[in-house]
Amino acid sequence: MRRIAIFPKRLSTDGVTLPRAVPFQFPTGEQPMIDHISIGAKDIAASRHFYDAALQPLGYRCLSDSPGSLGYGADSPVLWVNATDRPVPSDPRSGLHFCFTARSRKSVDAFHAAGLGAGGRDNGRPGLRADYGAGYYAAFLIDPDGYRIEAYFAEQA
């Protein structure tokens with residue numbers, strides 16, 4: 001299975017890798033598939049505590065904080081967490097989860113540890129996932145509202 005990051009930390013074009021902060025024009029007709037994801041949370045303070053901790057080791061932080069809404073990303077918000085009294089019910093068999101890119105195995109490990117320490121539940125300890133592909137190193141958590149999230153690092157062969 002081929003996986004593509006929605007907003008990679010680095011963009012590569014014609015063999016030249018550009019830092020994400022450098023303005024980038026996508027070639028005609030090309031653009032990110034998804035602009036952002038929004039999820040609902042019953043307790044926005046608990047979600048803030050969890051996502052601040054879990055996403056920090058991956059290089060992501062809260063970039064927008066307004067009453068009832070948090071926006072996370074590296075340069076611009078890509079994940080929105082919004083207060084609601086009816087978040088999507090947790091269903092471990094639904095297949096729904098969100099995967100965040102990591103810079104290293106160490107950042108995947110730190111994501112998992114920080115998330116557990118901030119109210120998350122384990123859904124898969126850090127490690128290689130050979131069934132996902134060679135060099136696929138990942139960890140899985142469940143956030144306070146039951147959303148399944150993952151951090152993954154693609155090791156180069």
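No lab work stands behind these numbers, since they all come straight from the coordinates. Everything quoted here is computed from the prediction, not taken from an experiment. Virtual Cβ from ideal backbone geometry, glycine too; neighbours counted across all protein chains shown.
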## Note on the structure
If amide H atoms are modeled at 1.01 Å from N in the peptide plane, then the residues at a separation of 5 or more from VAL78, or on another chain, having amide H under 5 Å from its own are TYR72, GLY73
### Surrounding net charge for PRO77, when Lys and Arg each add one and Asp and Glu each subtract one, Cβ distance under 13 Å
-2
## Note on the structure
Rounded to the nearest 5, the percent of antiparallel DSSP beta bridges in the stretch 94-157 equals 75 percent
### Message
Applying a 10 Å radius around every beta-carbon, put 93-99, 107-113 in order of their mean neighbour count, most first.
### Response
107-113, 93-99
### Task
Describe numerically, in nm with one decimal, the distance between label points set 7 Å from Cα along Cα→Cβ at LEU63 and at ASP131.
3.5 nm
### Query
What is the calculated FRET efficiency for ALA45 to SER104, with r their C-beta to C-beta distance and R₀ = 30 Å, to the nearest 0.05?
0.50
### In Hz, Karplus ³J(HN,Hα) per residue of the stretch 62-70 (6.51, -1.76, 1.60; θ = phi - 60°; x = Gly, Pro)
6, 9, 9, 9, 10, x, x, 8, 10
#### Entry: ILE34-ALA83 pseudo-label distance in nm [points 7 Å out on the Cα-to-Cβ vector]
2.5 nm
### Query
How big is the antiparallel share of DSSP beta bridges in the stretch 27-95, given as a percent to the nearest 5?
65 percent
### Task
Taking the Cα centre of the stretch 46-136 as origin, work out the dipole magnitude from +1 charges on Lys and Arg Cβ and -1 charges on Asp and Glu Cβ, in debye rounded to 20.
240 debye
